[in-house]
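See structure below.
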Amino acid sequence: MKNTLWVRFLFLFLLCPILLSGCNSSKSSSADEPPVYSPLKVLEPEAPGKETIGNPPVVLDLSNKGQGYLTAQVQDSDSRIHIQMTGPDGVLYSYFIDAGDYAVIPFTSGNGIYQILCYQQLSNDRYAALYSESLEITLDNPFLPFLYPNQYVNFSPESQACLLAQSMLPDDAEDVEGLEAVFDYVISQITYDEEKAQNVEAGYLPDIDETLTTGKGICFDYAALMTAMLRARDIPCKLQIGYTGDIKHAWIDVYIRSKGWVNQAIVFDGETWTRMDPTFESGADDSETIREYIGDGSNYTVQFTR
């Protein structure tokens, strides 16, 4: 009898963690793969204040740095704040935040040391240094910076664009199907706003729901909208801004589970958006179409990853 009870106890002890793990909304996944959420989940940044640096007028919340971001809150100031961040890849990113505003700043360079400098605007283009910090970042999963919103690709679970993206297909649809659905919708419903392109001001940030409602936008609006909609379907997506040759260019890199990162998956040539179709499952990377647009990648120069 004692032996029987012991066996039952051991069985329950081993089974309990399995049962509990089944209640979690995120399925376990290797760090080599993006997390899987069932049902689909729009990730929301948080600023609980457990780990912060700096003092007013700008406080940085690092509580969720392992999730791939920090938050910056501008307080007690009538001035603009300028945050510069350089990651392990040496790329300098600039973020401007107005008084009373809040911004999410991603660690898009992955694991490593990040240097952060904070400045306060004095007048026009004159800024005073507030403080600087060196951060060592280790991400819980390397794909997280490309699933969360940030200052340049700003969205939430209530965003109409995200709700639309999740309603397009069942939760268990293949990521390639999600990519096709989002692309087809955006290029058919959004038209290029020539007037806005001629008058856009420096520091412009897209509003994805405004783009969705008005049905028009510039290249930055297209890219931000598609990126937000793909992330809402748990598809890691990089908004890339840079050059092809000497022409200003934008494109989207997308992670497909059966393929890996597909570079230049969606590109903007200055007039139209085009979805590259490398026939993900067939491995037809060397097709004439892909060579024409992607080549060996040497023609593409990334300035910023958002």
- Message: Ranking request for peptides 125-131, 152-158, 66-72, 196-202: highest mean number of other beta-carbon atoms within 10 Å first, then the rest in descending order.
- Response: 66-72, 152-158, 125-131, 196-202
- Förster radius 35 Å - calculated FRET efficiency between N55 and T272, Cβ distance, rounded to 0.05: 0.15
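If you add up the charges near T211, with Lys and Arg at +1 and Asp and Glu at -1, over every other residue whose beta carbon is less than 12 angstrom from its beta carbon, what do you get?
Cβ neighbours under 12 Å give a net charge of -3.
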- Task: Output the pairs from K41/K238; K41/K65; K216/K238; K216/K259; K65/K216 with a Cα-Cα distance over 26 Å in this structure; if there are none, say none.
- Result: K216/K259; K65/K216
- FRET efficiency estimate (nearest 0.05) - Cβ-Cβ, Q115 to E195, R0 41 angstrom: 0.55
- Task: Could you please report the charge total around R233, scoring K, R as +1 and D, E as -1 over all other residues with beta-carbon less than 13 angstrom from its beta-carbon?
- Result: -4
- Item | L163-Q303 pseudo-label distance in nm [points 7 Å out on the Cα-to-Cβ vector] | 3.5 nm
- Query: Among T213, V186, G203, whose Cα lies farthest out toward the positive end of the dipole of segment 170-221, if unit charges sit on the beta carbon of Lys, Arg (+1) and Asp, Glu (-1)?
  - Reply: G203
- Message: Between E33 and D172, what is the label-point separation in nm under the 7 Å Cα-to-beta-carbon projection?
- Response: 1.5 nm
- HN-Hα J in Hz across segment 184-198 - Karplus 6.51, -1.76, 1.60, θ = phi - 60°, x for Gly and Pro: 4, 5, 5, 6, 8, 10, 10, 10, 6, 9, 5, 5, 5, 4, 6
- Amide H neighbours of V36 under 5 Å, at least 5 residues apart or on other chains, H built in the peptide plane: list them. K27
- Note on the structure: Env charge @ I113, Cβ radius under 12 Å, K,R +1 / D,E -1, value -3
- Query: Which percent of Cα pairs goes in each bin when the distances of segment 52-146 are cut into 5 angstrom slices starting at zero?
  - Reply: 3, 14, 26, 25, 17, 9, 5, 1, 0
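Quick check: residue separation of S123 and Q84 times 0.36 nm, minus the Cα distance between them. What number comes out in nm? Display every interim value, and only then the final one.
Details: separation 39, 0.36 × 39 = 14.04 nm, distance 1.80 nm.
This chain segment gains 12.2 nm when fully extended.
Computed from the coordinates by the stated procedures, all read-outs in this text should not be read as laboratory data. Remember, it's a predicted structure, so these values are computed and weren't measured experimentally. Quick reminder, even Gly has a Cβ in these numbers, built from the backbone with ideal geometry, and neighbours come from all protein chains shown.
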